[in-house]
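Quick notes on the structure that follows.
Just so it is clear, none of the values below were taken in a lab; they were calculated from the coordinates. No experiment lies behind these values; they were computed from the predicted model shown. When we count neighbours, we look across all protein chains shown, and the Cβ atoms used for this are built from the backbone with ideal geometry, even at glycine.
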C-alpha cells in the first residue's frame, strides 16, 4: 500500500500527458489537412514506448544486480535518487513554466516539423520524455511496477474517453493536483536520498556514528505518526512523503526543496494572472 498510490499517480499523470500529446498532434494534423502524416505519429509513439521500456529494463536489471551488494546498494540508491531528482526537478520546472500552454507548445513543435521524419521525431521525443521519467522515478523510488502500469492503463482509458468527447474533464485542475503530488514525492525522493546516503556512509565506516549529521530532528516512531504503521503516519507517508524520524539535514533539505518549488509555482500563477488582468483592462 505504501508504494501503490505514488506509483499509480506517477503512471497516471505521465501516461495521461503522453496520450494527450499524441492526441493533440493527431488533431493538429487533421486541422492542417496533413492526415497523410498520421502514421508517422504512431511510429514515433511506438518508438518512444520501446525506448522507455528499454531504459526501464536496463535500470531494473542494474538495480537487481546492485541489491545483492548490501553496502553498495544503499549508496547506489542514494545516488540514483539524486540523479532522478535532478531530472524530475527539470521536468517539474518545465511544467510550472509551460504546462498551462501545453496545446500551443505541442502544436508549435508540430508546425515546425511537418515532414515524415519531423512528425515521428516530435512524437518520439515527447512520448519518450514522459516514459523515461517514469522509468527513472520508479527505479529511484522503488515503486510497484503493477501499480505503475495500472495508472498508465487508467490514463489510456481516460484519454480515449476525452478524445471521443465521452467525458468532460477539467485537465488544468487534474494536472495541478497531480503536479502538486509530484512535487511532494520529489521532495520525499530528496529526503530518501539523503537518508540512504548517510546510512551507507555510516555502514561503510566513512562517517562516524557520532557525526552530527546523524542527529534526528525528532523521533515520533512510537506514536501514531510512525510512517510505517502509525494511524496517521502511514497515510501521511503515502500522501506527502512524511518521515517520522528524519535526520535534521534530511528534514530541512526535503521541506526547503518542496517549499521552494511551491513558491516558484505560486509566483508563476500570479504572474500569469497579472498578465491576463492587464489584457482585459
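Numbers at a glance
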read-out	value
Angle between the chain longest axis and helix 248-280 axis [Cα atoms, degrees, rounded to 10]	30
Sorted peptide list for 90-96, 243-249, criterion being average Cβ within 10 angstrom, highest first	243-249, 90-96
Where labels lie 7 Å past Cα in the beta-carbon direction, separation of residue 256 and residue 207 in nm	1.5
Gaussian network model of the chain, springs between alpha carbon atoms under 10 Å - residue of 52, 36, 115 with greatest fluctuation	36
Among 265-271, 203-209, the order from most to least packed when residues are scored by Cβ within 10 Å on average	265-271, 203-209
Helix axis angle, 70-98 relative to the chain longest principal axis, alpha carbon, degrees	40
Computed lengthening from residue 153 to residue 94, 0.36 nm per intervening residue step minus Cα-Cα distance	18.8 nm
For the chain, calculated [θ]222 nm from helices alone, where every DSSP H run of n ≥ 4 adds -39500 (n - 2.57)	-27000 deg cm²/dmol
Extended-chain gain in nm, criterion 0.36 nm per residue less alpha-carbon gap, residue 34 and residue 83	13.7 nm
Relative contact order, percent, the chain [alpha-carbon distance under 8 Å, six or more residues apart]	29
Centre separation in Å (Cα based) which lies between the stretch 148-172 and the stretch 204-245	36
Helix 116-141 vs. the chain, principal-axis angle (Cα, 0 to 90°, nearest 10)	20
Distance between the stretch 104-123 and the stretch 3-58 - C-alpha centres, whole angstrom	13
Most mobile of 199, 111, 32 in a GNM of the chain (Cα contacts under 10 Å)	32
